[in-house]
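The values are calculated or read from the model by the stated rules, or taken from the named source; none is laboratory data. What you are looking at is a predicted structure, and each value in this text was computed from that prediction instead of being measured. A quick note on method: Cβ atoms are made from the backbone with ideal geometry, for glycine too, and the neighbour counts reach across all protein chains shown. Just so you know, the surface numbers come from the protein's heavy atoms only, side chains and all, with ligands and any DNA or RNA stripped out. Shrake-Rupley method; radii C 1.70, N 1.55, O 1.52, S 1.80 Å.
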There are 2 protein chains.
Amino acid sequence: MAITVVGSVAFDSIETPSGRRERCLGGAATYFSLAASYFTEVRVIAVVGEDFGKRQEAVFQARGIDTRGVEHTAGKSFFWEGSYLENLNEAKTHNTELNVFAAFEPKIPEIYRDSEFLFLANIDPVLQRRVREAMPDVRLVAGDTMNYWIKDHRPALLEVLKGLDVLLINDTETKMLAGNNNLVQAARAVLAMGPRTLVVKHGEYGATAFFSNHSFASKGEGAEPHPFRAPALPLDEVVDPTGAGDSFAGGFFGYLASAPELTPAAFRRAMFYGSVMGSFAVERFGTERLQQLSRKEIDDRFSLFRELTHLD
Amino acid sequence: MAITVVGSVAFDSIETPSGRRERCLGGAATYFSLAASYFTEVRVIAVVGEDFGKRQEAVFQARGIDTRGVEHTAGKSFFWEGSYLENLNEAKTHNTELNVFAAFEPKIPEIYRDSEFLFLANIDPVLQRRVREAMPDVRLVAGDTMNYWIKDHRPALLEVLKGLDVLLINDTETKMLAGNNNLVQAARAVLAMGPRTLVVKHGEYGATAFFSNHSFASKGEGAEPHPFRAPALPLDEVVDPTGAGDSFAGGFFGYLASAPELTPAAFRRAMFYGSVMGSFAVERFGTERLQQLSRKEIDDRFSLFRELTHLD
């Protein structure tokens, strides 16, 4: 089943202990699409400037990603500059230029409208909501957000959360959103805001899913369903952590969209595929690694993740 | 099979967001013994002062722990005072009084000498080595250490590491010991120092085992065996994190000592039982929770951990 994703397509200048890259292709929608493209059909809604040319377009084309919803306008694309010199788990932002993104008005191509899965990447919740409302018939909606929207755009964000099947955020964002420093209590509070499932990403420690009683993914029948934890791969070298969370989301949602049925078992496998795609993303700068994977490499790593966590 | 453990038996005054307790029974050997006592016979080597009386002794007796190796001397027992007010993952030490522990000379009762398992809890590596050498015939030796010994007693510690089957330490200690900030590279460096298996404890994120090619626990046959990751239970409330790592070690080593054979499968279950005992320990102050568990509660939580991590 096809996924429509709305989010940023951008250029990133990145410095990590492994080196530096100038203006590589980035943005949440880019990482998400590439990761999801190994599982299902992906359609992107974004805006880019005149600096987005054939070379960038070719990255999407090579993976069969539909970019008819990527609007080209006058000006420059969204640009981010950051480093991870002291801490690979947290980017230090040196510069953010919204450029054409500042006036982004998502337009949904008619041909995208039969998408059954919708992913609202990390953008202004007002825009997330507008896209959500323009696609009322989707089967499953997942979304991401970040500290900036949680702190300063809370009312708009709370409206978005009401309509989400799955929210994917990290530990800090979960605790900030709930105003509670205990992860389990914070997760419970976030679920009460609307999402039926909350996936909390822990970076190098994997991710934990928390379920409400209304989640298709919950196996539990008690008062409160048990969570589910997917590991991350202990890696020799993290070359560039940029996009790991978006790649997790792409692997996760891409697998779900490809699953014959939305069951707790499919959800668990989706969590593992999320971790798998996140682990590939950080092995090279930018989207390099995500551009040239094979399904066999992905499934071999999935087996490794099983081996890494299963008793037998 | 019986385990002999050498380490501290102490009094702790602890403050956490959940409250404060004065002079509760603590010490690494105490937490370890209680946790291991649900799986196998445990024998303790330690030293206590005149403040260690019938009430404390009864805690060990109730769990059938052999305390004939606990020496009673004039003076006061080891005392630690700490708090976790800002960060539940890291204790802030307010006071440490070694007291009778300062002159501790471990004496191994004759009746302990047929123990097949030996655990060297976090004490001066010179003493760890002495006990290790006095029990040359044990089948499996595991040990713990801490930043203080890593920083200021490195040569003595390196001697201990050479003789260990399993070293259990946390992320920070692993990176400090190896002088490397990447966990996988650090683990490789630590394994090269001697331990055949390294268990790195991640607090609320569980623990990861790394194996050398000489580890009984390794399933891999390639150049470098794959690691194994056990989860921690996402908890509603962490009342008191004191002793979580020692309880992990007790559950882990206790289960191993009770296993019919030392196989990779037994090792994996041992990692899960370690996490299980750690998760119980933090639910109440001090050793309260570890004093009154049933094997059924333990096995139910083991099943929950499987549910939390397994695809099917």
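Can you pull out the strands (runs of 3 or more DSSP E) entirely within the stretch A:1-58 that have at least 3 residues that are in contact (Cβ under 8 Å) with a residue 12 or more places away in the chain and under 17 Å from A:Ala244 (Cα atoms)?
On the way: elements: A:3-6, A:10-16, A:19-26, A:42-48.
Hits in the stretch A:1-58: A:10-16, A:19-26.
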Filter result (of a type in the set (S, T, N, Q) and in contact with a Gly (Cβ under 7 Å, 6 or more places away or on another chain)) within the stretch B:119-168: B:Asn122, B:Gln128
Which numbered condition A:Phe285 fails, given (1) touching a Ser or Thr at 6+ places or on another chain (Cβ under 9 Å); (2) free of Cβ contacts under 8 Å to residues at least 24 places away in the same chain: (2)
Any hit, the stretch B:163-180, residues being without any contact (Cβ under 8 Å) to a residue 24 or more places away in the chain, crowded, with 17+ Cβ neighbours inside 10 Å and not polar (S, T, N, Q): yes
Selection status of B:Ala217, at pLDDT below 95 and either open to solvent by 20 Å² or more (accessible area, probe 1.4 Å) or in contact with a Ser or Thr (Cβ under 8 Å, 6 or more places away or on another chain) (or both): yes
Candidate set from the stretch A:300-312 (those that are without any contact (Cβ under 8 Å) to a residue 60 or more places away in the chain and in a helix (DSSP H, G or I)); member that is nearest to A:Ser247 (Cα to Cα): A:Phe302
Residue within the stretch B:186-202 that is open to solvent by less than 30 Å² (accessible area, probe 1.4 Å), within 14 Å of the chain's Cα centre (by Cα) and at positive phi present: no
Top-ranked residue of the stretch B:121-149 - restricted to ones that are touching a strand residue (DSSP E or B) at 6+ places or on another chain (Cβ under 7 Å) and charged (D, E, K, R), ranked as surrounded by the most Cβ atoms within 10 Å (Cβ to Cβ): B:Asp144
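Any idea which of A:Gly82, A:Gly75 is part of a loop (DSSP other than H, G, I, E, B), modelled with pLDDT of 95 or more and open to solvent by less than 40 Å² (accessible area, probe 1.4 Å)? Step through it out loud before you land on a result.
Values: A:Gly82 fails: part of a loop (DSSP other than H, G, I, E, B).
When all the criteria are applied, what remains is A:Gly75.
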The stretch B:286-308: number of residues that are within 20 Å of B:Val239 (Cα to Cα) and of a type in the set (Lys, Arg): 2
Selection count where residues are open to solvent by 20 Å² or more (accessible area, probe 1.4 Å), in contact (Cβ under 8 Å) with a residue 60 or more places away in the chain and assigned to a strand (DSSP E or B), scope the stretch A:96-120: 0
Residue match in the stretch A:264-278 (condition: open to solvent by less than 20 Å² (accessible area, probe 1.4 Å) and more than 17 Å from the chain's Cα centre (by Cα)): yes
Residue identified as on the phi > 0 side of the Ramachandran plot and not polar (S, T, N, Q) among B:Gly163, B:Gly75, B:Gly143: B:Gly75
Residue within the stretch B:289-305 that is within 17 Å of B:Gly203 (Cα to Cα) and at pLDDT 95 or above present: yes
Any hit, the stretch A:4-16, residues being among the hydroxyl-bearing types (Ser, Thr, Tyr), within 17 Å of A:Lys107 (Cα to Cα) and open to solvent by less than 20 Å² (accessible area, probe 1.4 Å): yes
Count of the stretch A:28-47 residues which are open to solvent by less than 10 Å² (accessible area, probe 1.4 Å) and touching a strand residue (DSSP E or B) at 6+ places or on another chain (Cβ under 6 Å): 9
